[in-house]
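Here's the structure we're looking at; comments come further down.
Every number here is computed from the coordinates shown, using simple stated rules; none is lab data. In this text the structure is predicted, and so the values were computed from the model without any measurement. Don't worry about glycine lacking a Cβ; one is built from the backbone with ideal geometry, like all the others, and counts go over all protein chains shown.
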Amino acid sequence: MLSSTRPALRAAVAATLGNIGLGLLVWIGISTALLQTRGNDFMSLRPLQNSALLLGLALVAGFSAWLLLARDTGGTRARPRALASLGFTLLADVALLWLLAQKGSAPGMVAVVGAVLCIAALATLCLSSIALETASAQLLVPAQLALALQGGSVLFFALMSSRWPGQMESSGASSSLLMLSAIAAALMLALWLTGGGMLPWRARRERWIGLALLLGVPLLLYAWLMLLPAHQRVAWWLAMAAVAAAQVLDRGQRLSRP
């Protein structure tokens, strides 16, 4: 069980949802910028893109409210920079939604706005970690960035599995999940080892549970997707729940420290 106070738990949940939303916008921005020349393939993804952009907008808007109220631990300039980057991300999200809704939008302009959205979301992830985290470890920002990109990709594939016409090809997506999970788990393990270690087990059980959720569950779901591809929708949403729980555990244990 997460050993944190209620305020720490609420903050951990809010930050996790915001980070996953920003990670989702990173991948939407990348896919939009890269798929402009694919013609009908890009048009078939339009409903998925709209849903992902709206969901990302809702998650990031909620994150902005939390960011305004949360304690700034990165210095007097850290919060304004994070909020400015966040506002730019929201504007880019709305602009991309508007462009995709217009008939005859210039593909080059759509690609540029998608790239801007990706860059703004990445900047917000880094700046918000600096502004809000009390830990001073050098690996904190890259670890949080890896978690956000992992969570955003899992959410993107979960949305895709729910909205894709027919059965989605799962080998490429599941391999991406495994690679991102391995990177996120390796960075988090390195962060934990430089911040108190993994032993004794009872005192560090949240870290062991988080590691199992970050890497163990994706490994099991990878095998599931390979053996039972027809049940990929359930597998992707289970992966989403595991990744989100791991992030809440990690952030909650840090925020609960005095």
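The table below lists the values:
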item: Normalised contact order of the range 93-156, rounded percent, pairs of Cα under 8 Å and 6 or more residues apart; result: 25
item: Only Lys, Arg (+1) and Asp, Glu (-1) charged, at Cβ; the chain dipole about Cα centre in debye; result: 580
item: Exposure proxy ranking, count of Cβ atoms within 10 Å, fewest first, for 118, 126; result: 126, 118
item: Proxy reagent accessibility, fewest Cβ within 10 Å first, across 176, 181; result: 176, 181
item: Of 224, 52, 83, farthest towards positive along the dipole that unit charges on Lys, Arg, Asp, Glu beta carbons give the chain; result: 83
item: Relative contact order of the chain, defined on C-alpha pairs under 8 angstrom at six or more residues apart (%); result: 29
item: In sequence order, calculated HN-Hα J values of the range 240-251 (Karplus, 6.51, -1.76, 1.60; Hz; x Gly/Pro); result: 4, 5, 5, 5, 5, 5, 4, 5, 5, 4, 5, 5
item: In order through the range 193-198: 3J(HN,Hα) via Karplus (6.51 cos²θ - 1.76 cosθ + 1.60), integer Hz, x for Gly, Pro; result: 5, 8, x, x, x, 10
item: Burial ordering of 179, 160, 188, fewest other beta-carbon atoms within 10 Å first; result: 179, 160, 188
item: Exposed-loop-free span, longest in the chain, where trypsin sites (Lys or Arg not before Pro) count as exposed if DSSP calls them loop and at most 13 other C-beta atoms lie within 10 Å; result: 104-201
item: Karplus-derived HN-Hα couplings along the range 106-120 (A = 6.51, B = -1.76, C = 1.60, θ = phi - 60°), whole Hz, x at Gly and Pro; result: 5, x, x, 5, 4, 5, 5, 5, x, 5, 4, 4, 4, 5, 5
